[in-house]
Protein chains: 2
Amino acid sequence: MREEDLLISLAQIVGQSGVLSGDVEKQPYLEDWWGRNRGSALGVIRPKSTSEVASVVALCQQHGVAMYPQGGNTSVCGGAVPPAESTGIVVNLARMDAIIDLNPRDNSITVQAGCILGRLQEAAHSADRLFPLGLGAEGSCQIGGNISTNAGGTAVLRYGNMRDLVLGLEVVLPDGRIWNGLRTLRKNNSGYDLKNVFIGAEGTLGIVTAASLKLFPRPPNAITALVAIPELEEALTIGLDLGGIFSAELTALELISQTEMILVAKHIPGTCCPIASESNWYLLVELASFSSCEILADRLGEYVGPKLSSGIARDAIFAMSGAQRQSLWRIRHSVTEANKKEGMGLSHDIAVPIFEVATFVRRSGEAIGRAYPRAQIVVVGHVGDGNLHYIVMFDHANWDSLADKEGTRHAVGHIVYDIAVELGGTFSAEHGIGALHLPEMQRYKNPVELDLMMQFKRLLDPANLMNPGRVLP
Amino acid sequence: MREEDLLISLAQIVGQSGVLSGDVEKQPYLEDWWGRNRGSALGVIRPKSTSEVASVVALCQQHGVAMYPQGGNTSVCGGAVPPAESTGIVVNLARMDAIIDLNPRDNSITVQAGCILGRLQEAAHSADRLFPLGLGAEGSCQIGGNISTNAGGTAVLRYGNMRDLVLGLEVVLPDGRIWNGLRTLRKNNSGYDLKNVFIGAEGTLGIVTAASLKLFPRPPNAITALVAIPELEEALTIGLDLGGIFSAELTALELISQTEMILVAKHIPGTCCPIASESNWYLLVELASFSSCEILADRLGEYVGPKLSSGIARDAIFAMSGAQRQSLWRIRHSVTEANKKEGMGLSHDIAVPIFEVATFVRRSGEAIGRAYPRAQIVVVGHVGDGNLHYIVMFDHANWDSLADKEGTRHAVGHIVYDIAVELGGTFSAEHGIGALHLPEMQRYKNPVELDLMMQFKRLLDPANLMNPGRVLP
């Protein structure tokens with residue numbers, strides 16, 4: 001089929017306004033937010049319904065056209081834009097953004113895939129419910145993308161990954177059939193679990209078009225604390241203890257290195273480390289509860305007090321008001337911007353078993369120190385889940401002076417990932433694979449596991465038209 | 001291969017003591033606990049290691065011998081014994097019962113598949129941790145079976161199904177390869193999610209040989225309450241309110257019908273309904289917390305008090321001591337025995353969206369009342385998950401007088417399941433499919449869903465040798 005004819009056929013399905021084929025109008029959909037990945041596509045197709053998606057997929061399948069599903073285009077792994085030189089189409093879900101059903105008595109919500117995360121959070125809030133997934137990109141990322149990448153974030157400790165929040169899915173399969181698995185049941189042992197095959201598959205096995213999701217009662221009270229702890233092993237013990245004391249009331253446990261704290265204060269106007277005492281490590285702790293803030297603070301104080309007296313913790317600040325809490329969280333949410341201003345931060349989204357976090361940090365620090373003595377180690381992460389963003393920071397002058405930038409990127413990655421994997425960990429904890437981590441899939445995945453994944457891919461998408469070149473090498 | 005030669009080859013793999021081939025020694029493995037399902041097999045093979053399982057599977061694959069994986073043989077759907085006339089083998093995992101690793105600092109435990117649930121619970125307890133899965137069969141059911149059936153129980157409301165407790169799996173695939181996916185990571189977005197394909201697949205896609213599982217801090221305090229609520233819709237509202245007030249401290253929310261309460265008191269010596277006031281419905285509520293029992297009771301009392309004053313709740317009893325709590329739970333745990341003594345209880349393990357529970361009970365009651373006016377409706381279940389065991393009880397005289405017992409069983413099932421499915425529910429919430437529910441798979445599953453399941457089965461087990469005749473029609 002000639003390209004023009006394909007575009008005409010697509011317009012017959014989604015309407016002329018649903019087909020973007022001019023260079024200028026396509027541009028925002030072909031480049032990602034940090035400008036590292038630029039692709040090309042015959043057109044950007046914007047369907048308005050599941051049946052339109054199904055027709056688009058069937059047409060592309062018939063003519064061997066590659067499809068690149070796209071949500072809010074906030075991937076950090078190049079997973080949301082097509083590759084350069086692609087002659088496929090982008091299937092953008094933004095026009096499918098309806099909230100189909102919100103039922104507080106069922107603690108569930110059903111939405112189309114293009115619904116923006118922040119809008120879903122607000123809808124839940126207005127029904128006095130909580131949708132707990134929270135991400136930096138929540139103002140623009142879409143539920144379909146969150147599902148396809150099994151998004152993580154700061155509330156995973158309490159509420160799980162996106163996978164754990166999905167009750168049911170609707171998916172257009174690569175052959176154009178619609179699987180309507182939308183349901184809100186908490187229990188359903190009738191055959192194989194299909195939804196988890198598609199969750200986290202990054203659009204390579206089909207296009208998620210709608211989802212039923214869990215809602216939760218919204219704890220009315222919360223406090224946030226920042227605790228300075230010089231020794232990482234002690235910080236981990238404190239995190240574990242807090243999990244024991246507060247159980248499900250502990251809703252976030254984030255680790256921030258002193259190096260990161262300094263970068264935020266340096267680059268983000270109006271921020272500073274609210275604790276005067278210096279410390280190698282800081283724990284950001286959030287407690288949310290139906291108990292009052294005062295009770296939460298008392299219980300936290302009872303535990304932290306002796307840690308301060310013994311010198312294990314050097315200082316602590318408890319934020320009870322919304323404004324105080326926001327100023328602590330602002331530090332955490334500013335790290336990406338601060339790091340970007342400082343230089344080239346090679347970021348590694350690793351996870352290790354929780355008890356191996358300190359060993360990972362020590363061994364990686366030693367290895368990077370030997371190989372790149374001028375680089376700085378910056379760490380921030382969801383330590384309660386064993387998930388760290390481990391950043392090897394080259395200041396601008398240092399980075400500019402490097403002859404082989406890509407080579408350095410890969411060499412640093414190997415050092416860090418080798419150690420994580422050796423400790424039973426992973427090279428991609430929450431960001432996914434996209435186009436960026438295909439070499440790591442090849443290097444680190446167990447061959448049986450990789451073979452099973454390839455088999456699933458060939459089974460569902462034998463012509464390899466659904467987001468080709470992503471996830472699997 | 002002749003049968004004797006196969007048994008000799010199997011003995012070379014697992015040792016002579018690992019092969020049971022005499023009728024008497026095989027017997028306990030070929031019949032299930034309630035005596036409804038009896039099968040046959042060439043032999044019962046009891047491997048001691050994953051590599052032995054892999055060799056057994058490879059040998060059977062080579063010679064076209066069907067394999068029936070078996071854990072503690074506590075299935076209620078005929079899923080754990082081979083069919084009659086089978087010439088395959090039972091692969092019993094009981095000798096693989098090691099606790100491989102227990103790490104409280106990682107909140108994880110890794111065990112072989114044959115480990116009995118109760119033993120795992122005790123091991124966790126001795127490390128001051130909680131493994132929350134709790135089942136009537138916990139003294140004999142095995143982790144491999146719990147995983148393969150995605151077991152449920154009374155703690156799902158707080159901690160999820162078995163699926164939610166699994167961090168990693170080791171599986172022997174139908175082709176004899178070993179997939180070692182044992183890991184304890186909380187986050188790992190590196191490719192497709194494989195473990196959920198095998199969880200709940202009832203051994204039809206491979207044999208689970210080991211698993212890494214989540215542990216939790218163990219709340220030291222708990223109270224149990226029984227609340228009499230005449231109207232089901234009000235009971236549901238109260239359950240929902242309690243979820244809002246107690247959030248993760250609400251660890252169980254069970255519904256018991258008055259008819260069930262009467263049967264327990266009638267048939268189980270030493271039990272009685274501890275509430276004098278009559279009521280159509282009772283809620284059994286469990287709260288577990290790091291707060292004291294007194295605080296829990298105060299907070300529960302604050303909520304329940306006005307419900308009693310207004311007459312919405314008729315009576316309530318709070319149990320604070322271990323012995324009091326046990327006596328309330330004894331009622332709940334005695335229902336199967338009481339129902340068995342009363343007559344033939346046709347039990348249906350349905351789930352519907354939580355807000356549809358009352359509609360389901362009303363419509364099913366009307367339909368069964370019209371068709372079987374002499375039958376009694378008995379309901380007990382995990383109402384917090386929308387999962388009811390809906391029992392149509394024929395007393396012995398009534399059942400014995402029926403001409404077509406199998407026909408009645410199917411007709412009753414159709415009435416109940418039709419209504420559940422129409423309300424967006426399922427005909428098997430936590431018990432699985434086994435051999436029993438194949439007709440329902442055919443009748444109720446959406447064809448696309450069934451086709452996807454068939455495709456997965458054919459992909460992984462093309463010769464259909466792994467637990468054939470289970471799960472898929």
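Data overview
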| quantity | calculated |
| --- | --- |
| Residue among A:TRP329, A:TRP281 that alone is away from chain B (no Cβ under 14 Å), out of contact with any helix residue (DSSP H, G or I) (no Cβ under 9 Å at 6 or more places or on another chain) and within 30 Å of A:GLU430 (Cα to Cα) | A:TRP329 |
| Count of the stretch B:458-473 residues which are open to solvent by 20 Å² or more (accessible area, probe 1.4 Å), more than 8 Å from every other protein chain (Cβ to nearest Cβ) and over 17 Å from B:CYS77 (Cα atoms) | 4 |
| The stretch B:149-167, residues that are at pLDDT 95 or above, within 21 Å of B:GLY72 (Cα to Cα) and in contact with a Ser or Thr (Cβ under 9 Å, 6 or more places away or on another chain) | B:THR149, B:MET162, B:VAL166 |
| The stretch B:84-103: number of residues that are β-branched (Val, Ile, Thr) and open to solvent by less than 10 Å² (accessible area, probe 1.4 Å) | 3 |
| Qualifying position, being among the β-branched types (Val, Ile, Thr), modelled with pLDDT of 95 or more and over 16 Å from A:ALA375 (Cβ atoms), among A:VAL421, A:VAL392 | A:VAL421 |
| Subset of the stretch A:431-456 that is buried (at least 19 other Cβ atoms within 10 Å of the Cβ) and in contact with a Leu (Cβ under 9 Å, 6 or more places away or on another chain) - its residue that is nearest to B:GLN455 (Cα to Cα) | A:PHE456 |
| Residue satisfying condition, being among the polar types (S, T, N, Q), within 14 Å of chain A (Cβ to nearest Cβ) and open to solvent by less than 40 Å² (accessible area, probe 1.4 Å), within set B:THR259, B:THR359, B:THR271 | B:THR359 |
| Selection count where residues are within 8 Å of chain A (Cβ to nearest Cβ) and either closer than 25 Å to A:LEU436 by Cα or charged (D, E, K, R) (or both), scope the stretch B:203-216 | 0 |
| Single match in B:ILE262, B:ILE245 (criterion: of a type in the set (Val, Ile, Thr) and touching a residue at least 12 places away in the same chain (Cβ under 8 Å)) | B:ILE245 |
| Flag if B:GLU249 is of a type in the set (D, E, K, R), under 22 Å from B:LEU165 (Cα atoms) and within 22 Å of the chain's Cα centre (by Cα) | no |
| One residue from A:GLU302, A:GLU286 being over 31 Å from the mean Cα position of the chain (by Cα) and at pLDDT 95 or above | A:GLU302 |
| Conditions (1) in contact with a Cys (Cβ under 8 Å, 6 or more places away or on another chain); (2) in a strand (DSSP E or B); (3) of a type in the set (A, V, I, L, M, F, W, C); number of the one not met by A:ALA316 | (1) |
| Answer from B:ARG163, B:ARG183 - the residue that is in a loop (DSSP other than H, G, I, E, B) and closer than 24 Å to A:ALA429 by Cα | B:ARG183 |
| So B:GLN324, is it under 17 Å from B:LEU263 (Cα atoms), touching a residue at least 24 places away in the same chain (Cβ under 8 Å), more than 14 Å from every other protein chain (Cβ to nearest Cβ) and not hydrophobic (A, V, I, L, M, F, W, C) | no |
| The stretch B:78-130, residues that are within 14 Å of another protein chain (Cβ to nearest Cβ), closer than 18 Å to B:GLY153 by Cβ and part of a helix (DSSP H, G or I) | B:ALA124 |
| Complete set of residues in the stretch B:29-39 that are free of Cβ contacts under 8 Å to residues at least 24 places away in the same chain and in a helix (DSSP H, G or I) | none |
| Test set (1) out of contact with any helix residue (DSSP H, G or I) (no Cβ under 6 Å at 6 or more places or on another chain); (2) at the interface with chain B (Cβ under 7 Å from one of its Cβ atoms); (3) over 30 Å from A:THR259 (Cβ atoms) - A:LEU450 fails condition number | (2) |
| Boolean, A:PRO69 is at pLDDT 95 or above and in a loop (DSSP other than H, G, I, E, B) | no |
| Answer residue from the stretch A:418-430, given it is among the aliphatic types (A, V, I, L, M) and more than 7 Å from chain B (Cβ to nearest Cβ) and is most open to solvent (accessible area, probe 1.4 Å) among those | A:VAL421 |
| Hits in the stretch B:146-184 (condition: closer than 24 Å to A:THR149 by Cβ, within 7 Å of another protein chain (Cβ to nearest Cβ) and surrounded by 24 or more Cβ atoms within 10 Å (Cβ to Cβ)) | B:ASN161, B:THR184 |
| Condition met for B:GLY118 (among the small types (Gly, Ala, Ser) and modelled with pLDDT under 95) | no |
| Search result, residues across the stretch B:193-202 that are facing chain A (nearest Cβ under 7 Å) and over 12 Å from A:ARG163 (Cα atoms) | B:LEU194, B:VAL197, B:ILE199, B:GLY200, B:ALA201 |
| Per-region count, the stretch B:26-83, residues on the phi > 0 side of the Ramachandran plot and either surrounded by fewer than 21 Cβ atoms within 10 Å (Cβ to Cβ) or in contact with a strand residue (DSSP E or B) (Cβ under 7 Å, 6 or more places away or on another chain) (or both) | 2 |
| Unmet criterion (only one of (1) more than 13 Å from chain A (Cβ to nearest Cβ); (2) open to solvent by 40 Å² or more (accessible area, probe 1.4 Å)) for B:ALA375 | (2) |
| Selection count where residues are open to solvent by less than 20 Å² (accessible area, probe 1.4 Å) and charged (D, E, K, R), scope the stretch B:333-355 | 1 |
| Scope the stretch A:107-123; condition touching a residue at least 60 places away in the same chain (Cβ under 8 Å) and surrounded by fewer than 23 Cβ atoms within 10 Å (Cβ to Cβ); matching residues | A:THR110 |
| Among residues of the stretch B:211-220, those that are at pLDDT 95 or above and either open to solvent by 10 Å² or more (accessible area, probe 1.4 Å) or touching a helix residue (DSSP H, G or I) at 6+ places or on another chain (Cβ under 9 Å) (or both), counted | 5 |
| Residue match in the stretch B:392-404 (condition: open to solvent by 20 Å² or more (accessible area, probe 1.4 Å) and either of a type in the set (Lys, Arg) or facing another protein chain (nearest Cβ under 10 Å) (or both)) | no |
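A quick yes/no check of all residues on (1) polar (S, T, N, Q); (2) outside any strand (DSSP E or B); (3) crowded, with 23+ Cβ neighbours inside 10 Å:
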position	(1), (2), (3)
A:ASP193	no, yes, no
A:GLY200	no, yes, yes
A:GLY203	no, yes, yes
A:THR209	yes, no, yes
A:ALA225	no, no, no
A:GLU234	no, yes, no
A:ALA248	no, yes, no
A:LEU263	no, yes, yes
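The values are calculated or read from the model by the stated rules, or taken from the named source; none is laboratory data. Fair warning: this is a prediction, and the values are worked out from it, not measured in the lab. Cβ coordinates were reconstructed from backbone atoms using ideal geometry, including for glycine residues, and neighbour counts include every protein chain displayed. Heads up: the accessible areas ignore ligands, DNA and RNA and are worked out on the full protein's heavy atoms, side chains in. Shrake-Rupley method; radii C 1.70, N 1.55, O 1.52, S 1.80 Å.
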